Amino acid sequence: MFAPRRPQLLVLVGIVLVALTLRSAATAVSPLLEQLRADLDIGTTAVGVLGLLAPACFAGVGALTPALGRRLGLERALVLSLFVTVVGSLTRPLAPSTTAFLLLSAVTLSGMAAGNVLLPPLVKRYFPGRIGPVTSLYVVMIAAGAALPPYLAVPVADSFGWRLSLASWGLVALVAVLPWLPRLPAASGVVVIAQGRVAVLRSRRAWGLTVMFGMTALNVYALFVWLPPILIDAGLSVDRAGALLGLYAGTGIPASIVVPLIAARMRNPFPLVVLFTAFFGIGYAGLAFAPAAHPALWVVLAGLGPSTFPISITMINLRTTTESGSASLSGMVQGIGYAVAGVGPLAFGLLHDATDAWTASLGLLSGTVGLMLVGAWFACRPGTVEQELTDRGLAGDDHGVAPVLTGQTP
């Protein structure tokens, strides 16, 4: 049974609170768009830009975060990312114009993007023997942090106004800072014997995991945007289509609890990936050829497919040896992966406009699921990125090393 010591328990609370902050800025706005339009005159183009900001920030800032972690240390970098999130969350509701609101949204999302990348190496640092359970916990909290704002945004806005509704999520990020403050003196005692990075761009395993993560995120982003129109075109009401979108979002939460635990115990979790890609394929086939027949069934199956996301996050730590390796791989996987994911909704919509049907668009997603399997084949094989680079003579001077803690231990 997992029974963390008191210092570890405080870190675990910190990880949980950080995970709760990693999606709120992206999901708290949509339910308030009508009020934003009335007060800030936000138009359709601005709404489109707002939708692209999350993957763009997650990609750009995510790719730069490992260097920030090496320079400041993981804990300091995380606290900095949380403060950026707090500043953005508390100031964007005060924005006097659409442009200012978009810029401050980018600030908020940039803080969250850094947190995305920093959590896996922090799990590796403090819970190296409990990667599966801790990853399971924080992935579930990410899902909860994405699901809660849409439910709470309107009631809070009706009582206190949309500005306070949006700003309230900055308070969660502010609370998330507190458990990490005692770790900062310990972090100052870190001595890095050989500061460096792991050359993950040279690793086939790293590229495989990046493809696996990127294709998962692409599919999720595409369906979040286009699932309701698919169902409405099939004859379902707007209300039912919205409810089924909620079902799609919620289906993966139970799987997120158990999937990292199972993946962490498997020498090669590729069969697990095959199972979930099969769910993707069956769900897409149902939506393409019989969407009105059993829509809830197709949505549940398609919603189980993204269980490859918690597998990918778990594999970041399972397929690295060092904290440097985990941080570098996390930055690559999420930086490149989210950049690819941002193309998904656009390509899906353009293909629908060209064919005036959803079949080709869903076929495109099915093709990306095939790419996901190819990536998973390389990512899931036993071994680590560092060992692969050493075996192939590619590690060189970039091979990262684990720091030695001379201060307080976890």
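The values are calculated or read from the model by the stated rules, or taken from the named source; none is laboratory data. Just so you know, these numbers come straight off a predicted model, no measurement behind them. Please note: Cβ atoms are built from the backbone with ideal geometry, for glycine as well, and neighbour counts cover all protein chains shown.
Do you know which residues across region 33-65 are crowded, with 21+ Cβ neighbours inside 10 Å, at pLDDT below 80 and either assigned to a helix (DSSP H, G or I) or of a type in the set (Asp, Glu) (or both)?
Leu50
Would you point out which residue out of Leu247, Leu272 is more than 20 Å from Gly208 (Cβ to Cβ), in contact with a helix residue (DSSP H, G or I) (Cβ under 8 Å, 6 or more places away or on another chain), outside the structural domain of Ile131 (by TED's automatic domain parsing) and of a type in the set (A, V, I, L, M)?
From the options Leu247, Leu272, the qualifying one is Leu247.
Pull up region 106-144, narrow it to residues that are at pLDDT 90 or above and among the small types (Gly, Ala, Ser), then point me to the one that is surrounded by the fewest Cβ atoms within 10 Å (Cβ to Cβ).
Ala106
Okay, residues lined up against (1) touching a Phe, Trp or Tyr at 6+ places or on another chain (Cβ under 9 Å); (2) of a type in the set (Ser, Thr, Tyr):
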position	(1), (2)
Leu12	yes, no
Thr27	no, yes
Val47	no, no
Leu53	no, no
Pro66	no, no
Leu72	no, no
Pro96	no, no
Thr99	no, yes
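Which residues, counting only those in region 66-83, are within 28 Å of Leu218 (Cβ to Cβ), of a type in the set (Gly, Ala, Ser) and modelled with pLDDT under 90?
Ala67, Gly69
Is there a residue in region 204-218 that is at pLDDT 90 or above, touching a Pro at 6+ places or on another chain (Cβ under 7 Å) and of a type in the set (Ser, Thr, Tyr)?
Checked against the condition, which is being at pLDDT 90 or above, touching a Pro at 6+ places or on another chain (Cβ under 7 Å) and of a type in the set (Ser, Thr, Tyr), region 204-218 yields at least one hit.
Inspect region 372-381 for any residue being at pLDDT 90 or above and outside any helix (DSSP H, G or I) and give the result as yes or no.
Looking for residues that are at pLDDT 90 or above and outside any helix (DSSP H, G or I), one finds at least one in region 372-381, hence yes.
If I filter region 145-178 down to residues being β-branched (Val, Ile, Thr) and over 20 Å from Gly111 (Cβ atoms), which single residue comes out as surrounded by the fewest Cβ atoms within 10 Å (Cβ to Cβ)?
Filtering first and then ranking leaves Val154.
Residue check: is Thr27 modelled with pLDDT under 85, surrounded by fewer than 24 Cβ atoms within 10 Å (Cβ to Cβ) and under 20 Å from Met141 (Cα atoms)?
yes
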